[in-house]
Each structure stands twice: as C-alpha cells, then as structure tokens.
1. What does the extension gain come out to for residue 89 and residue 1, with contour length at 0.36 nm per residue minus their alpha carbon separation?
2. Ignoring solvent entirely, what values of log10 I(q)/I(0) come out of the Debye formula for the stretch 1-58 at 0.15, 0.20 Å⁻¹ when each Cα is a single scatterer?
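Just so you know, all these numbers are worked out from the coordinates, no wet-lab data involved. Note that the structure is a prediction, hence the values are computed from the model and not measured.
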Amino acid sequence: MRIIGIDYGDARVGVAVSDPLGITAQGLETVPNRVYDKMFARVCDIIKTYNADKIVVGLPRNMNGTEGERSTLSREFAAQLGGVFPGAEMVLWDERLSTVQAHGILNETNTRGKNRKNVVDTVAASIILQSYLDSLK
C-alpha cells in the first residue's frame, strides 16, 4: 500500500510518497505548475507509478481554521484527481504551517538559492504526508 502526499500550489506542486508499510514519507519531486494540464498529467503519472490507493492533498487553512480561495482550489484539484482515480481514497489534510516547517528544515540544512526553491514544495508535501501517517498510529 502506497500513499501519495501532495502540496498543491499555483507555481509548483510538491509530491511525496509513503514507504510500503505507511510509516515514513519521502519527497519525490516538485512539479512545475506553469501549464496546468502538463502538471496534472505528471502528478497522475506519479500516482500510477506507485499504484497509490490513497492520496493526501494538503488543505490550506487560515490560522483561525477558516478556509479561503486556496482551500477551494485544493478541493477542486483533489476532486479532479478523484475523478481520474475513483478507486483511491482522497484525503484533504490540514497543511497549516507545513511550508513554514519546510523552510525551517531547509534553513537547518543550509539549502539556499535555486535548490531551495526547487525542493521547498517537495519537503512541504513530505511534512503533510508524514503528519497524516503519524495520525494513523
């Protein structure tokens, strides 16, 4: 059983995958979101490659718990994935502060410049997925 974690963003989409036992999350890649159809096709390819039976999409919420426009876009993205993968369970997971945590990790590893921009969304996807996996224990 593999679970895919997704940090959906306007410019980039971070993707992570669980180990086969569903214990740990590993970052896979950051998919550019300049052309939506190309990005969506790449994310679908990743899901197919790992034969994921569950997809966890980060749901951005405001600090007070309310949802804004970004939440609506994430819900629409998850619904579209659900249409392509009807057998996979779709989970919307609170992603508050995941990007802040990702920047903290990148600060600790001294990742700077272009490398940082290319991996921050993948790290955020890993944090979202790991948070979900930890909640299952």
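1. Length difference between fully extended and current span is 30.5 nm.
2. The computed values of log10 I(q)/I(0) come out as -0.38, -0.66.
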